[in-house]
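Quick notes on the structure that follows.
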C-alpha cells in the first residue's frame, strides 16, 4: 500500500502544518485546503443561494490561504481563525451580491464637468449647527462617560489598542463600549 502525500501529514496539527508552510514548505497548503474544504462547503451551503456558491467557494478558499499567511499562534488556534476567515468571506460574497450594482461608466459624467451648487445659505448653516448641537447633546445624555470618551477617541481615528492604553482598559472593553454605543445610537 502506497502512502499518499496527505497521509504523511495526517497526524500533524493544523498549527504545525501552518508553521511549516510559513517556513517555506508551500506544498502543505494542499493539506490545509483539504482539511478545511468541508468547512468551506458547510458555510457556502448555509449562507449562499445556489447561484452564488461557486464564487463563494473560491472566495472562501482564498480566505483560507490568507488565513495561513496571517495566522498568529499567540492569538488563537488555527482552526478558530480559519473558520472565522472562511465564514466572513462567504458572508462578504453574500453581502456584495445584495448591494446595489455599480453605475455604468457611460451614465456617469466626468468629474471635471461636474458643477456643485453651493446651498449653504446663512439660514441653512445656522440650522445645521443647531441640529449638530442637539445631536451632540442627545449623544452625551444617552452614553455613559466611558462610552462617550471611547466614541470620541474612536472617531478621532485612534486604534482600539491606543484607546485601551489611553483609558487604562482592555481592548475588549473598548470593543464592548463601541458595541453599546452603536446599539444606543441606532435607536435614535
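Read-outs throughout are calculated quantities, based only on the coordinates presented, and are distinct from any laboratory measurement. As the structure is a computational prediction, the values presented were derived from the model and not from experiment. In this analysis, Cβ positions are derived from the backbone assuming ideal geometry, glycine residues included, and neighbour counts consider all displayed protein chains.
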Inset, instruction - Counting only residues that are within 30 Å of residue 99 (Cβ to Cβ) and under 18 Å from the mean Cα position of the chain (by Cα), give me the helices (runs of 4 or more DSSP H) lying completely in the stretch 1-89 with at least 2 of them. - result: 29-47, 53-70
Inset, instruction - Confirm whether residue 146 is assigned to a helix (DSSP H, G or I) and more than 19 Å from residue 135 (Cβ to Cβ). - result: yes
Legend entry - First in the stretch 146-175 and at negative phi, second anywhere and in a loop (DSSP other than H, G, I, E, B) and buried (at least 16 other Cβ atoms within 10 Å of the Cβ), Cβ under 7 Å, 6 or more apart: 151/143
